[in-house]
1. Taking into account only those residues within the stretch 62-106 that are assigned to a loop (DSSP other than H, G, I, E, B) and at pLDDT 85 or above, which is surrounded by the most Cβ atoms within 10 Å (Cβ to Cβ)?
2. Looking only at the stretch 34-61, filter to residues that are touching a helix residue (DSSP H, G or I) at 6+ places or on another chain (Cβ under 8 Å) and not in a loop (DSSP other than H, G, I, E, B); which one of those is surrounded by the most Cβ atoms within 10 Å (Cβ to Cβ)?
3. Looking at (1) in a strand (DSSP E or B); (2) out of contact with any helix residue (DSSP H, G or I) (no Cβ under 9 Å at 6 or more places or on another chain); (3) at pLDDT 85 or above, can you tell me which one residue 16 breaks?
4. Which residues, counting only those in the stretch 19-33, are over 15 Å from residue 96 (Cα atoms) and assigned to a strand (DSSP E or B)?
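The values are calculated or read from the model by the stated rules, or taken from the named source; none is laboratory data. Quick caveat: nothing in here was measured; it's all calculated off a predicted structure. Cβ atoms come from the backbone with ideal geometry, glycine included; neighbour counts cover every protein chain shown.
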């Protein structure tokens, strides 16, 4: 298990799915990229249970957050193309607000 911590900006409205009395939230974040040609990476994150509920209630589109998560990477082949694609998924363990979210509550 690879643990990481990163800062991202919420791109789309978070959605909660409830399966077997467990809450799952998924959303897309924009991460800064210092390479040429692409200013940001877009990644999907998944949060469960209490973290999912907190994220849904506290954060909106455009908010910046600090995420503690695990990285899951998988390679798969597309059926028609012979290319191998990569799927990178982040499972959220904890969320921390940045200064701009704290200013909304003061």
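1. We begin by selecting, within the stretch 62-106, every residue assigned to a loop (DSSP other than H, G, I, E, B); these are 62-63, 78-83, 98, 104-106.
Still in the list and also at pLDDT 85 or above: 62-63.
Values: 62: 9, 63: 16.
Selected residue: 63.
2. Among them, the one singled out is 47.
3. So residue 16 meets the others, but not (2).
4. Across the stretch 19-33, the qualifying residues are 19, 22, 23, 24, 25, 26, 27, 28, 30, 31, 32.
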